[in-house]
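One structure is given here, and the rest of the page talks about it.
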Amino acid sequence: MKQLFISEWQRLWNRKSTWISFMLIPLAIIIAIKHYIKIDALITLNSPKYVSCLNFPSVILRNESILVFDVIVILLIIMAVTSEYREGQMRMVMLRSFSFSEIFKVKYLVTLSTVFLLLITNFILSSFLGYLALPKQEVKFPYYSNKFTINESMIYNTKYYVISFLVLAAVISVIICISMMCKTTIGALSASLAFILVSIILPEIFSFLMDNTSQIYNILYFSFITRIQYIGIETLLAQTPQQVGIIFTSIAFHIIVFYLIAHSLFSDQDCYC
């Protein structure tokens with residue numbers, strides 16, 4: 001398994017598109033810093049929209065998680081799984097006497113490890129560049145009445161990134177499952193992007209049609225991964241945490257159920273004929 005993991009890791013990182021995805025991280029951070037410098041100049045320090053170096057790491061991840069990280073996950077899976085799965089390259093891997101289950105687990109772990117590395121890079125760079133370029137004032141974090149010190153903000157940001165990693169693990173499971181159901185790489189890309197788009201639109205429709213205070217609404221709303229990325233993590237980390245059971249159940253459901261479905265589809269030997 002270790003040898004297979006190293007081999008798959010090298011295969012993924014030998015692709016130019018992986019490095020391009022990696023370079024999107026500092027680019028997105030620099031663009032965000034320039035944006036928030038302009039915003040801060042127009043608002044007061046007490047505004048909930050004010051961004052300093054203390055809350056910048058979590059703010060940028062919240063705003064870029066869907067646009068940047070979800071798209072990167074889609075590209076990584078298409079490169080590491082779908083293209084090889086559909087174009088016959090998987091047969092070469094199977095000739096090395098590894099089982100279907102081992103190959104799938106390693107490809108999932110390689111994708112997960114790459115996303116973890118990207119998150120760590122995002123956290124380090126956003127903390128460092130934010131400290132250099134943004135104000136250093138203490139600010140209020142979402143759903144808190146008090147301003148955070150440096151230590152408190154570091155703890156909050158770390159928790160935010162840990163939960164984001166769990167959510168991205170769920171995204172990986174779903175996207176792999178979608179990719180296994182598609183016949184072509186273009187089909188997998190289109191279906192995955194459609195999933196993200198629908199996950200953004202449907203919760204907004206529910207907000208208009210349903211009572212926002214009902215438990216059924218909360219269950220439906222946080223059954224969409226993108227809603228957890230956009231607002232659910234802040235809800236979990238609030239001064240008074242809300243919907244903890246619903247959100248973590250949704251994350252676990254997406255990770256486990258879609259992983260098992262994708263594993264079953266991947267292990268279907270007829271797909272390689």
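Residues being part of a loop (DSSP other than H, G, I, E, B), on the phi < 0 side of the Ramachandran plot, touching a Phe, Trp or Tyr at 6+ places or on another chain (Cβ under 6 Å) and without any contact (Cβ under 8 Å) to a residue 40 or more places away in the chain are entirely absent from the stretch 244-255.
Contact map, the stretch 197-214: first residue in contact (Cβ under 8 Å) with a residue 40 or more places away in the chain, second residue of a type in the set (A, V, I, L, M, F, W, C) and surrounded by 11 or more Cβ atoms within 10 Å (Cβ to Cβ), Cβ cut-off under 9 Å, separation 6 or more or different chains; pairs are 200/66; 200/224.
Only a single item in (1) assigned to a helix (DSSP H, G or I); (2) under 21 Å from the mean Cα position of the chain (by Cα) is not met by residue 208, and it is number (2). Candidates 174, 110, 139: the one that is aliphatic (A, V, I, L, M), within 17 Å of residue 67 (Cα to Cα) and touching a Phe, Trp or Tyr at 6+ places or on another chain (Cβ under 6 Å) is 174. Scanning the stretch 15-68 for residues that are of a type in the set (Lys, Arg) and not in a helix (DSSP H, G or I) yields 15, 49. Please determine, by comparing only the residues of the stretch 111-165 that are part of a loop (DSSP other than H, G, I, E, B) and of a type in the set (A, V, I, L, M, F, W, C), which one is nearest to the chain's Cα centre (by Cα). This residue is 141.
Has the stretch 37-46 got at least one residue that is within 30 Å of residue 197 (Cα to Cα) and small (Gly, Ala, Ser)? No, that holds for no residue. With the condition kept exactly as written, say whether any residue in the stretch 53-71 is polar (S, T, N, Q) and modelled with pLDDT of 85 or more. Yes, there is a match, as at least one residue in the stretch 53-71 is polar (S, T, N, Q) and modelled with pLDDT of 85 or more.
Working carefully through the options 223, 179, find the one that is in a helix (DSSP H, G or I), of a type in the set (Gly, Ala, Ser) and out of contact with any Gly (no Cβ under 8 Å at 6 or more places or on another chain). Just a single option satisfies the conditions, and that option is 179.
Within the set 215, 229, the sole residue that is surrounded by 20 or more Cβ atoms within 10 Å (Cβ to Cβ), closer than 30 Å to residue 145 by Cβ and of a type outside the set (Ser, Thr, Tyr) turns out to be 229.
Screening residue 240 against (1) part of a helix (DSSP H, G or I); (2) closer than 27 Å to residue 58 by Cα leaves a single unmet condition, (1). Looking at (1) among the hydrophobic types (A, V, I, L, M, F, W, C); (2) surrounded by fewer than 18 Cβ atoms within 10 Å (Cβ to Cβ); (3) in a helix (DSSP H, G or I), which is the only condition residue 174 fails? Every listed condition holds for residue 174 apart from (2). Checked against (1) within 24 Å of residue 77 (Cα to Cα); (2) touching a residue at least 24 places away in the same chain (Cβ under 8 Å); (3) part of a helix (DSSP H, G or I), residue 235 passes all but a single condition, namely (1). Residues in the stretch 121-135 include none that are touching a helix residue (DSSP H, G or I) at 6+ places or on another chain (Cβ under 9 Å), of a type in the set (A, V, I, L, M), surrounded by 18 or more Cβ atoms within 10 Å (Cβ to Cβ) and under 21 Å from residue 78 (Cβ atoms).
The values are calculated or read from the model by the stated rules, or taken from the named source; none is laboratory data. Given the structure is predicted, the values throughout are model-derived calculations rather than measurements. Methodologically, a virtual Cβ is constructed for each residue, glycine included, from the backbone with ideal geometry; neighbour enumeration extends over all protein chains shown.
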